[in-house]
Amino acid sequence: MNFIKLNNISAKDNLFSQKIILALGIILSSSASVFAQLDDDIVITKDRKVELPPANRVFEKIPPVKTNPEDRQMKYSFFDRKLKGIEEVKFNPTVVSPDGGKKKEEEEKYNNYISLGAGNFGRIFGELYVNSAQDSKMIFGVHAMHNSTTRGPVDDKNSANMYDKAELTGKYLAEKFQVNGGLSYNRDQYYFYGYKRPRVEFDRKEIKQILNTLNFNVGFENIAPNPRVDYALKTNIRSLKDNYSAQETDWTTTFNAYFPIIEDKFIALVDADANMAQRSDGEVDKRNLFRVEPSFKVNLNRFGASIGYKAVNEFDEVKKINRTKGFPTVELTYKLPNLIYVFAGYDGDIIRNTLGSFLNENPYLKQQTKLLNTEKLQEYYVGGKGDIGSGFSFNFRGSMGYYKNLYYFNNYSPKATEMLGDTAKFTVLYDSLKTQYVNVNVQLNYQPAQIWRTYLRTEINHYQKRAYEKPFHRPLVTVKWGNTLIVSDRLIANLDLAYIGKTFAKNPTTNAIVTNKAIFDMNTEFDYLFGKQFTAFVKLNNILGKKYERYLYYPQQGLNFLVGVNFSF
């Protein structure tokens, strides 16, 4: 999550910030016609008040059951997160209760809902939420989901997929603390359908992949008002198994605390995390990462500052790595009179890569994938956020820095003795050289009236050419535009458009550079409310019907739809 900061900028830094601002203007003016979906989480509310909290306190959530049209919120964010690889079709139908244009009164609340739907490609969709009463000290929720297709974009059943999830969450609220926890199981089944064509007959079991993931988490957090010491302790254990004898157990624990020395004016903070993983895929490898960051924050009316030091220890048993590195951190913030915040800072870190994180980006990895962490040697960044009135708000961030072991995905060229003599699987390539990067994120949000909400987001990335000719399968430009329109008290429409710039890959057979064409995508959804408990929905994805390839040799589904109903109870 980005905090709002501003730096004292020298003449050299001022030139850099001017270049960033100029780049932002060029991006916004050139991206007005290309757009996309948003899957992030920052909330803009109608009161136009932007506050800088003294500490970041994260609360676990039980999935919401319904929202009213009057309090539907637009969500957006700028997280320093990795690019997503395979963009699977995801359906998230909503349950919205109509008010019929009448004076808002106390309405009966429904804590549970079920959603059922079907579509082309033999798609079957079902989802269930069962939640306890939300006004008690003990809250629990059960969530189950099934989403499958019997056919895919190519070769019928050879590109089918199935995703199942079962989840139990709970929370206990006491007067001064809360305890929350959860247990979930995910089963993802799909096929390596990026093989060479035409291909002789083969057993589908040879290209079948199944990922079984079990997650357990528990957290303890202080919720007392105006505490002398605030804290949060969370731990999560994930067990991952695939269909090719790979297994990874990952245990992550985080601790956050802040100590107000002079009320909210001068605060001491401690952030720490311990990550221990064991991966067995041919050989057992223990990989640990420990991080601690003490810091101090100063809040002086319009001006804020933070200075800290991040110590990171990295351990890898197989690769004989055991080192500790330090990264100073500086963040400065300034609040303008019109509630606009600008910030600047300096940072560095070691970014943890695991088998699970790679499979989240690209599920078509080959066996015994090499795992290395990525080091962010240094990063300089500037940005701002705020509400500029008349329904407009904005958020931007520009950064420049250096990576070591920046990773790319590329098709794997199997050996002659291997069973799958094709390009259906991917390998991870690491650039061991110091790689310079530039990243710019810009988002504009506009809510002119209660019936329409819209946002436009642009992201641009540049990676210096070092060990490889191109940044394989990393898009350089992504533009997203999303709209929500409340047509009437009973009809709600969503329209999302996306542009993902061209990407590059290397043909593993000829070693020639291949260009994946830019992606234009359009999606829409209509929800019709028959009553307080019953909703029908229609969702159309990839309306343009393009079988684009986000990854080489893996065309995605063309026009696909889902029709279904939601029922609250």
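Things worth noting here:
- Pairs with Cβ under 6 Å, 6+ apart, first in the stretch 123-151 and surrounded by fewer than 19 Cβ atoms within 10 Å (Cβ to Cβ), second of a type in the set (S, T, N, Q): ILE124/SER148; VAL130/ASN112; PHE140/SER132
- Out of THR253, THR324, THR333, one residue alone is on the phi < 0 side of the Ramachandran plot, part of a strand (DSSP E or B) and within 24 Å of the chain's Cα centre (by Cα). It is THR253.
- Some residue of the stretch 380-392 being in contact (Cβ under 8 Å) with a residue 60 or more places away in the chain and β-branched (Val, Ile, Thr): yes
- Positions within the stretch 524-569 being of a type in the set (D, E, K, R), in a strand (DSSP E or B) and surrounded by fewer than 22 Cβ atoms within 10 Å (Cβ to Cβ), in sequence order: GLU525, ASP527, GLU549, ARG550
- Answer residue from the stretch 498-541, given it is without any contact (Cβ under 8 Å) to a residue 60 or more places away in the chain and of a type in the set (Gly, Ala, Ser) and is farthest from GLU469 (Cα to Cα) among those: ALA536
- The set of residues in the stretch 425-464 being outside any strand (DSSP E or B) and either among the aromatic types (Phe, Trp, Tyr) or under 28 Å from LEU355 (Cβ atoms) (or both) consists of LYS425, SER432, LEU433, LYS434, GLN464.
- Condition met for GLU175 (among the charged types (D, E, K, R) and either touching a helix residue (DSSP H, G or I) at 6+ places or on another chain (Cβ under 9 Å) or under 30 Å from PRO225 (Cβ atoms) (or both)): yes
- So ASP164, is it acidic (Asp, Glu) and either modelled with pLDDT of 95 or more or under 30 Å from TYR548 (Cβ atoms) (or both): yes
- The residues in the stretch 309-335 that are more than 14 Å from GLN378 (Cα to Cα), loosely packed, with under 14 Cβ neighbours inside 10 Å and touching a residue at least 12 places away in the same chain (Cβ under 8 Å) can be counted, and the count is 3.
- For THR484, the test of being of a type in the set (Val, Ile, Thr), touching a Lys or Arg at 6+ places or on another chain (Cβ under 9 Å) and farther than 24 Å from LEU529 by Cβ is failed.
- Annotation note: of LYS196, LYS234, the sole residue that is among the basic types (Lys, Arg) and in a strand (DSSP E or B) is LYS234.
- Subset of the stretch 425-480 that is charged (D, E, K, R) and within 17 Å of the chain's Cα centre (by Cα) - its residue that is farthest from SER390 (Cα to Cα): ARG474
- Meets criteria (buried (at least 18 other Cβ atoms within 10 Å of the Cβ) and touching a strand residue (DSSP E or B) at 6+ places or on another chain (Cβ under 9 Å)) for ASP188: yes
- Yes/no for ASN338 being surrounded by 14 or more Cβ atoms within 10 Å (Cβ to Cβ), at pLDDT below 95, of a type outside the set (Gly, Ala, Ser) and over 28 Å from the mean Cα position of the chain (by Cα): no
- Residue check, VAL487 modelled with pLDDT of 95 or more and either farther than 28 Å from PHE569 by Cβ or surrounded by fewer than 20 Cβ atoms within 10 Å (Cβ to Cβ) (or both): no
- Hey, GLU201 in contact with a Ser or Thr (Cβ under 6 Å, 6 or more places away or on another chain), farther than 18 Å from PRO363 by Cα and free of Cβ contacts under 8 Å to residues at least 40 places away in the same chain or not: no
The values are calculated or read from the model by the stated rules, or taken from the named source; none is laboratory data. Since this is a predicted model, take the numbers as computed values, not measurements. Here the Cβ is made from the backbone with ideal geometry for all residues, glycine too, and neighbour counts use every protein chain on show.
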